1. Using only the Cα atoms of segment 98-196, each taken as one equal point scatterer with no solvent, compute I(q) by the Debye sum, divide by I(0), and report log10 of the ratio at q = 0.14, 0.15, 0.16, 0.17 Å⁻¹.
2. Can you give me the relative contact order of the chain as a percent, contacts being Cα pairs under 8 Å and 6 or more apart?
3. What is the P(r) of the chain, as percent of Cα-Cα pairs per 5 Å bin from 0?
4. Can you tell me the Rg and the Dmax, both Å, for the Cα atoms in segment 67-115?
5. Mind checking the log10 I(q)/I(0) for segment 155-270 at q = 0.11 Å⁻¹? Debye, one equal scatterer per Cα, no solvent, two decimals.
6. Find, to one decimal place in angstroms, the Kirkwood hydrodynamic radius of segment 1-142, where the mean of 1/r is taken over every pair of different Cα atoms and then inverted.
7. Which whole-number percent is the relative contact order of segment 1-144 (Cα, under 8 Å, 6+ apart)?
8. Over segment 67-115, what is the relative contact order in whole percent, taking alpha-carbon pairs under 8 Å and six or more residues apart?
């Protein structure tokens, strides 16, 4: 399904060993986890991996952040430069501060030991333990296995199934998918950039729905607002308010189905 040239085009800076292993395992793993069922699932999966791992390059969280970066990543924990400077460029201390005492991290050093790893950046002892059981790997005992090209795709696919992410793909809810993975919307613009790249580099052989790029989603929101159906932000995030507006417009126009299909987009001229 996924060829080595396609993966190389999508992740051009990735190490050869990771690209080769990914291509070799994709034919077995993607169908097993429902990721070959439609374009949305496949493209959303590849795009989120691209963002989380920097195109399969940044597979272990180093946490050597500047004060400014700490304020971006954890704004509630580091609301001021003074608060952030205390842990700037101190990876182990930072890991204990932000990850210690939660996500199953109940021993000294767990925050750093079970920091983000792999293509999807799994984090926390309980996640390593759960995915280790699903994959038949001693991840809790050997967390570095998550960065091994022999296991990285297996773990990413297992995470996808464990978190039940395919229904969000089927609904076209890329922002919701990001929240489920990230806990928020950190890096959403970059994630959309990866989605556009995945759609371009991995053409789909069958007709079907395709996620809209961020500028088009903003155009939809502007059109809904102009018609008086939507009063939220023009941010491209199709959340509850946007979905309610879409459902109301569909009902008013007598359009069957749901979501942002071609008839609705035509009606909005978006």
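1. Log10 of I(q)/I(0), two decimals: -0.56, -0.64, -0.72, -0.80.
2. Relative contact order of the chain: 18 percent.
3. With a bin width of 5 Å, the distribution comes to 1, 6, 11, 15, 16, 15, 13, 10, 7, 4, 1, 0.
4. 10.8, 29
5. With no solvent term, the Cα-only Debye profile gives -0.39.
6. Numbers: mean 1/r = 0.0595 Å⁻¹.
Averaging 1/r across every pair of different Cα atoms and inverting gives 16.8 Å.
7. Details: 178 pairs, mean separation 24.1, N = 144.
Answer for segment 1-144 is 17 percent.
8. Numbers: 49 pairs, mean separation 12.3, N = 49.
So the answer I get is 25 percent.
Values in this text are rule-based calculations from the coordinates and carry no lab data. As the structure is a prediction and not an experimental result, all values here were calculated from the model.
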